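Let me begin by presenting the structure, written as structure tokens, before commenting on it.
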Amino acid sequence: MPLFLFNTLTRKTEEFRPMDPSGRTVTMYCCGPTVYDSAHIGNFRAFVSQDLLRRRLEAHGWEVRHVMNITDVEDKIIRAIHASGEPLETFTRRHEKAFLDDFDALGCRRPAVMPRATEHIAEILALVKRLEDRGAAYATPDGSVYFSIERFPGYGKLSRLDRAQLKPGARVNADEHAREAYGDFALWKAWSARDGVVAWESPWGRGRPGWHIECSCMSMKHLGETLDLHCGGEDLVFPHHEDEIAQSEAATGRPFVRFWVHNAHLLVNGQKMSKSAGNFFTARDLFARGYTGRELRYVLLSAHYRLPLNFTLEGLDAARQALARLDAWEARLGAAAGAAALPAPGGALWKEFGAALDDDLNISAALGALFEALRASNRSLDEGQTTAAEAARALSDWLAVREALGLPAPPLAEAPSDVEALARERQTARAVKDWKRSDALRAEIAKRGWAVKDATDGFRLTRQP
RNA sequence: GGCGGGUUAGCCAAGUGGUAAGGCAGGGCUCUGCAAAAGCCCCAUCGACGGUUCGAUUCCGUCACCCGCCUCCA
């Protein structure tokens, strides 16, 4: 069954196939974090949807060569270390580590390569030189190098912005350097006093890379001159990705990216979540409130990636409930399957779920199929109509779905021994119909953070959120 | 101003030219010592106004409101 994806370049939903002649490998580049602060959950919406895409690509049998850059030299970073006096590398590695901790907590699989900009200065300089040699870029007297959009006829094809419309405005900084045209952007920035010790030698003097060049450089280095997929938030369409196309294609003369995949923003109170607006949550903020990575992941995943998603704590609570239902179902299926061997996934659920995701990652339809399957299965279990083999088949489908969603296994229902003992004591009390004592024990168990639920064959303990 | 997206039940959210998936919340019921879990049932006519059509939420037009991008941004 083919996979269809919306391609920002063509503004159409197209069938995706890797360009690899053997049809086995997919190249995927994702714009990664700038490591200067804790990423907020809006940032993570991008990484979670990219992870969902990657898992779907893998479900199709393709090997995904996934690269995500780490931007570790940039204005905000320089400003921060200037204030703290910390060395660049110490500062950025600390934030990179924090980022990856959150990345892992959200169930995102690590990209195969996570190149850092500062470790590719030589390659960046080579690319800038190549662009200068080809006449696509020019150096200014102060030692900066700019890309000339005039000399790249395709400029604007991704964002569909008219070059003639690129006029200096409120958000265009007064030009500190001598650019030839307003749309021109820096490939290499000459050193200025604000940069302090952050500088590298170059043929044009001391300086540092511009923002866009690292992605062109590192993606092509690790994945080749033409990529299958390039992902990022929709705010990167212009100028970042437009500029990447210009730089890369001017240098190689080849198409840079086949499919551009952009996700919409996370909103808070209907407004874009952003650092500058101050209306953001970090993953840590939510963990501190007792929410888990899988709950947050579920929320971030629960709306189609190209539509804005309004984030609320109520949404997180809804995710918690939905997950609890799924976890309970998984436990039931496991018990019903017993020792029956798990077949390969391939039942109606797995097929319908996959078909929905193949339609440009239609997560809502996919989740719809999941909960319909859940209800039908629970009903059958209630009626005692499910054989061990059927339960195993359903469980196999569900585990495959869970993996496709990247949801970690339910938290272990292994209660501490004191809680376990209280529950046993309560069971004894119930056997002699000592309801008062039974209820007191339940309250005590609850006090210790667990909920006890009676079943015909004993009791079950679940962690109380 | 240019470009793009949105408006479906209390909240979140699919979808289709023939009378609207799913999740959360809410109500009723079954089960249960109670509770929980699970199951069953109930809960919308799809922003407004026109048009096309046997029939539109779904197509076309106009309007309203919201959001994003137009060189910090996932």
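The values are calculated or read from the model by the stated rules, or taken from the named source; none is laboratory data. Computed from a predicted structure; not experimentally measured. Counting neighbours? That spans all protein chains shown, and the Cβs are built from the backbone with ideal geometry, glycine included. Keep in mind that these areas ignore ligands, DNA and RNA; they rest on the heavy atoms of the full protein, side chains included. Shrake-Rupley method; radii C 1.70, N 1.55, O 1.52, S 1.80 Å.
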Practice task
Hey, can you tell me all the residues within the range A:269-315 that are in contact with a helix residue (DSSP H, G or I) (Cβ under 9 Å, 6 or more places away or on another chain), closer than 26 Å to A:K97 by Cβ and among the polar types (S, T, N, Q)?
Solution key: A:S274, A:T282, A:T292
Practice task
For the range A:343-358, name all the residues that are assigned to a helix (DSSP H, G or I), open to solvent by 10 Å² or more (accessible area, probe 1.4 Å) and away from RNA strand B (no atom under 11 Å from the Cβ).
Solution key: A:A348, A:L349, A:W350, A:K351, A:A355
Exercise for the section: Tell me, yes or no, whether the range A:49-68 has at least one residue that is under 21 Å from A:G210 (Cβ atoms) and more than 13 Å from RNA strand B (Cβ to nearest atom). Expected result: yes
Handout entry: Pair list, Cβ < 6 Å and 6+ apart or interchain, from the range A:361-372 residues that are within 19 Å of A:V48 (Cα to Cα) and open to solvent by less than 20 Å² (accessible area, probe 1.4 Å) to residues that are within 6 Å of RNA strand B (Cβ to nearest atom) and assigned to a helix (DSSP H, G or I)
Key = none
Exercise for the section: Kindly indicate whether any position in the range A:295-302 is near RNA strand B (Cβ under 9 Å from one of its atoms), in contact (Cβ under 8 Å) with a residue 24 or more places away in the chain, not in a helix (DSSP H, G or I) and not assigned by TED's automatic domain parsing to the domain that holds A:R379. Expected result: yes
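Does the range A:446-455 contain any residue that is touching a Cys at 6+ places or on another chain (Cβ under 8 Å) and either open to solvent by less than 20 Å² (accessible area, probe 1.4 Å) or closer than 30 Å to A:A365 by Cα (or both)? Outline the logic, then answer.
Taking the range A:446-455 first, the residues touching a Cys at 6+ places or on another chain (Cβ under 8 Å) are none.
Scanning the range A:446-455, I find no residue that is touching a Cys at 6+ places or on another chain (Cβ under 8 Å) and either open to solvent by less than 20 Å² (accessible area, probe 1.4 Å) or closer than 30 Å to A:A365 by Cα (or both), so the answer is no.
Considering each of A:V419, A:V452 in turn, give the residue that is among the β-branched types (V, I, T) and within 10 Å of RNA strand B (Cβ to nearest atom). Please lay out each step first, then the result.
Working: A:V419 fails: within 10 Å of RNA strand B (Cβ to nearest atom).
That would be A:V452, the only listed residue that is among the β-branched types (V, I, T) and within 10 Å of RNA strand B (Cβ to nearest atom).
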Practice task
Report, by residue number, each residue of the range A:273-294 that is more than 12 Å from RNA strand B (Cβ to nearest atom) and open to solvent by 40 Å² or more (accessible area, probe 1.4 Å).
Solution key: A:R284, A:D285, A:F287, A:A288, A:R289, A:G290, A:T292
Fill in the blank from the handout: Taking the range A:100-117 and keeping only residues that are open to solvent by less than 10 Å² (accessible area, probe 1.4 Å) and part of a helix (DSSP H, G or I), one is left with A:D102, A:F103, A:A117
Exercise for the section: Take A:S84 and decide whether it is free of Cβ contacts under 8 Å to residues at least 12 places away in the same chain and either among the small types (G, A, S) or open to solvent by 50 Å² or more (accessible area, probe 1.4 Å) (or both). Expected result: yes
Practice task
Would you check if there is a residue in the range A:256-270 being crowded, with 19+ Cβ neighbours inside 10 Å, near RNA strand B (Cβ under 6 Å from one of its atoms) and in a helix (DSSP H, G or I)?
Solution key: no
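Rundown of residues vs (1) more than 21 Å from the chain's Cα centre (by Cα); (2) open to solvent by less than 10 Å² (accessible area, probe 1.4 Å); (3) within 30 Å of A:G85 (Cβ to Cβ), yes/no style:
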{"site": "A:G196", "(1), (2), (3)": "yes, no, yes"}
{"site": "A:R208", "(1), (2), (3)": "yes, no, yes"}
{"site": "A:M218", "(1), (2), (3)": "no, yes, yes"}
{"site": "A:E234", "(1), (2), (3)": "no, no, no"}
{"site": "A:V237", "(1), (2), (3)": "no, no, no"}
Handout entry: Boolean, A:E242 is in a loop (DSSP other than H, G, I, E, B) and either in the same structural domain as A:F47 (by TED's automatic domain parsing) or at pLDDT 95 or above (or both)
Key = no
Fill in the blank from the handout: Conditions (1) buried (at least 20 other Cβ atoms within 10 Å of the Cβ); (2) free of Cβ contacts under 8 Å to residues at least 60 places away in the same chain; (3) in contact with a helix residue (DSSP H, G or I) (Cβ under 7 Å, 6 or more places away or on another chain) -> A:F44 fails only (2)
Exercise for the section: Look through A:I213, A:I149 and report the one residue that is near RNA strand B (Cβ under 9 Å from one of its atoms), open to solvent by less than 20 Å² (accessible area, probe 1.4 Å) and modelled with pLDDT of 80 or more. Expected result: A:I149
